[in-house]
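Chemist: Mind having a look at this structure? Questions to follow.
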Amino acid sequence: PMDRLAAAAVTNSESAVLIDIAPEAELTEPVVFRLTGEPPVTDGQVSPEVVWGTIVLRVGRHARATVVFEHAGTAQYATSVSVLVADGAQLDLVNIQLWDDDAVHAGQISSRLGRDARLRSFQASLGGDLVRLSETVEYDGPGGEAELTGLYFASGGRDRTRGQHLEPRLFLDHNQPEPRSQD
């Protein structure tokens, strides 16, 4: 991970969630994962405990899928998401932040594309007090294609004097011949 909080998420997570799309699979419906935060309560008081998350999404060779991560509720959430798109596979990845006004979400989405693989990634941050997500793409073979888009709406947030903070970061490493990218 290039982000300190993503590295901490990998270190502090008790385990990783593995999502595997089989080789040659063609999923016609989106696979939706709803991640809902609820503040931990200790002795009747809300605890400021950080939730550490590690997710690995593997899309098999020549598979096609749409995967949606939807975040809602409240939490202090640090995450590392690793996306592996095998040779010839196509993935539409949707990451939506619909957090409550007091939520904090920081982390990294790291994608690695195989030969002639295609990734279309869409980020939408519509809630949360602070949302900072870094998205990186690197290529494992020639001919990979990445298209990264996003939509971000900030409001006054919980503390109207400070406002809501949404910070998307992108990095594409064109380390192979003939990569195509759009951001």
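Chemist: Amide H to amide H, which residues 5 or more places from Thr66 or on other chains are under 5 Å from it, using H placed in the peptide plane?
Modeler: So Thr66 has HN proximity to Val31, Asp92.
Chemist: Another question about this same structure. Mind listing the long-range amide H neighbours of Glu147? Cut-off is under 5 Å, sequence gap 5 or more, other chains count too, H placed in the peptide plane at 1.01 Å from N.
Modeler: Amide H neighbours of Glu147, under 5 Å, 5+ apart: Leu119, Arg120, Ser121, Gln182.
Chemist: Let me ask something else. How much length is gained if the chain between Glu38 and Val68 is pulled fully straight, taking 0.36 nm per residue apart and subtracting their Cα-Cα distance, in nm to one decimal?
Modeler: Value of the extension gain: 8.8 nm.
Chemist: List, in order, the whole-Hz ³J(HN,Hα) value for each residue of the stretch 6-20 obtained from phi through the Karplus relation with A = 6.51, B = -1.76, C = 1.60 and θ = phi - 60°; use x for Gly and Pro.
Modeler: 5, 5, 5, 4, 5, 5, 8, 5, 6, 7, 10, 8, 9, 10, 10
Chemist: Find how much the distance from Glu49 to Thr11 grows on full extension, using 0.36 nm per residue of separation minus their present alpha carbon separation; answer in nm with one decimal. Could the numbers behind the result be given before it?
Modeler: Details: separation 38, 0.36 × 38 = 13.68 nm, distance 1.59 nm.
The span from Glu49 to Thr11 would gain 12.1 nm if fully extended.
Chemist: 5 Å is the cut-off here: which amide hydrogens, built 1.01 Å from N in the peptide plane, fall below it relative to Leu35, excluding neighbours closer than 5 in sequence?
Modeler: Glu70, His71, Ala72
Values quoted throughout were computed directly from the atomic coordinates according to the rules given, and no laboratory measurement underlies them. Predicted model, so just to flag it, every value in this text is computed and none were measured.
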